[in-house]
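Read the structure below first, then the notes.
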Amino acid sequence: MRTLITNGLVVTADGSYPADVLIDGETIALVGADLAAAGVTADATIDATGRYVVPGGIDAHTHMELPFGGTFAKDTFETGSKAAAHGGTTTIVDFAVQPKGKALREGLDVWMAKAEGHTLIDYGFHMIMSDVNEASLAEMDQLVAEGVPDFKLFTAYPGVFLSPDDHIFRALQQTRKNGGLIMMHAENGPVIDVIAADLVAAGTTDPIGHGLARNPILEGEATNRCIRLAEAASAPVYFVHLSSRDALEAVTAARDRGALVFAETCPQYLFLSLDDMGNGFEGAKYVCSPPLRPKDHQEDLWRGLRRDDLQLVGTDHCPFDFEGQKELGRGDFRKIPNGLPAVEDRVDLLHDGGVVGGRISRERWVEIMATAPAKMFGMYPQKGTIAVGSDADILVYDPNRKRTISAATHHMNVDYSIFEGFEVQGASDVVMSRGTVIVRDGKWVGPAGHGQFIRRGPADFARMA
């Protein structure tokens, strides 16, 4: 099957130019001006007049079917990947979880079984490490060789995921040897638990307590500590869901002195604030970790994206229904499942708030939502760009179309939207995954089980410069 996309404006991280794009099978075969006039033929033609032709989005931080606090995230790999596609994301990298006391392989196999044959777009996995010991350190080498080169550790959630500093350091040493990458959830969990208990004892049980207990200082402290451990180990480190000015200052200072330190932020931290958590128990809809921050942190994060102190935007998509799931925390904010629905809205929110809002260029928009994730997580140039030989993961994107975000129309399997009522400018008219049209004019038209597992290489830090 050959498809010709004509009359569009190709937008990549490196620049924008009018061009046609020929897709042959699953990959891009030609990019150039007036290909039809030059005699190029195709089985189907897509007219992209007045639209951008951009690489499909890559969300490198999702949690489909994640167990948390006695329940599970609502989106399966099928429902979550379909929602992602509707929002212009054509690849996700999810987190497989090592069961406490068991092998990394056991956790990875469970997540592989959940995804295989059910995921509608391409997918890969990071590995959450619950135990750092001689056996799991040795397993890391094998997983890197098998295309799962990233390992997430926590300074939060004592008794569940928290790793002490010596374990973090040993894992960093191992990735220095095997070419993998340590990803850190950086908050000072033990101190947070003390503050949270004090708040509940003093009568603060509503969701706002979640935000008050997880002070930005505690994210900044843990981020700086992990950076210093990485520097001591001579290893790179990547921070997931960076939310605060305090943490960003630590990352910026490290990068300024030449450390291999990288970080992402998420749409919720760019568009929502601590105020959203303050409306009684309705604020439970906005409970995630790290929590939403005071509004004045938002422009610092946008500045970090402009200056490349923050390299990309993932979602940390982990949705729980308000009714029956978030409600588990009525009377004690510590029992509210942590997580938000965002995988469907990321690409358009970043276009609206970033490009339309004048904060970033359209090229930087493509970079933070597609190209940088591909480079950071070992998929470039197979994914993340419009180039000959790359996978034909392509959006025909209308930069002028407006829509209103609502739970009534979204495709995520969750009963509310954190961006309810937001009007955004920009939307995908056509979404292609490996040369197959999977979404057209807001309708799913793709085949079931279309997604393939992506064996990823190590990060190419030279490309991230």
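The values are calculated or read from the model by the stated rules, or taken from the named source; none is laboratory data. Keep in mind the model is a prediction, meaning the values are calculated, not measured. Glycine also receives a Cβ, built like all others from the backbone with ideal geometry; neighbour counts cover every protein chain displayed.
Checked against (1) under 29 Å from residue 182 (Cβ atoms); (2) among the aliphatic types (A, V, I, L, M); (3) surrounded by fewer than 24 Cβ atoms within 10 Å (Cβ to Cβ); (4) touching a helix residue (DSSP H, G or I) at 6+ places or on another chain (Cβ under 6 Å), residue 263 meets all criteria but (3).
When residue 127 is tested against the conditions (1) crowded, with 24+ Cβ neighbours inside 10 Å; (2) among the aliphatic types (A, V, I, L, M); (3) assigned to a loop (DSSP other than H, G, I, E, B), the lone failure is (3). Candidates 292, 340, 310, 328: the one that is at pLDDT 95 or above, crowded, with 23+ Cβ neighbours inside 10 Å and more than 25 Å from residue 403 (Cα to Cα) is 310.
Which residue, of 333, 377, is modelled with pLDDT of 95 or more, surrounded by 23 or more Cβ atoms within 10 Å (Cβ to Cβ) and more than 27 Å from residue 151 (Cα to Cα)?
On the way: 377 fails: more than 27 Å from residue 151 (Cα to Cα).
Only one candidate qualifies: 333.
For region 48-90, a residue qualifies if it is modelled with pLDDT under 95 and on the phi > 0 side of the Ramachandran plot, and the qualifying residues are 69, 70. For residue 264, the stated conditions do not hold, so it cannot be described as without any contact (Cβ under 8 Å) to a residue 60 or more places away in the chain and either assigned to a helix (DSSP H, G or I) or closer than 25 Å to residue 127 by Cα (or both).
In this structure, is residue 59 buried (at least 17 other Cβ atoms within 10 Å of the Cβ), acidic (Asp, Glu) and under 22 Å from the mean Cα position of the chain (by Cα)? Even if it seems obvious, please write down each step before you answer.
Working: buried (at least 17 other Cβ atoms within 10 Å of the Cβ): yes; acidic (Asp, Glu): yes; under 22 Å from the mean Cα position of the chain (by Cα): yes.
Yes, satisfied.
Every residue in region 228-243 that is buried (at least 24 other Cβ atoms within 10 Å of the Cβ) and farther than 15 Å from residue 152 by Cβ, please. Correct list: 243 only. Can you confirm whether region 409-417 contains a residue that is free of Cβ contacts under 8 Å to residues at least 60 places away in the same chain, of a type outside the set (Gly, Ala, Ser) and surrounded by fewer than 19 Cβ atoms within 10 Å (Cβ to Cβ)? Looking for residues that are free of Cβ contacts under 8 Å to residues at least 60 places away in the same chain, of a type outside the set (Gly, Ala, Ser) and surrounded by fewer than 19 Cβ atoms within 10 Å (Cβ to Cβ), one finds at least one in region 409-417, hence yes.
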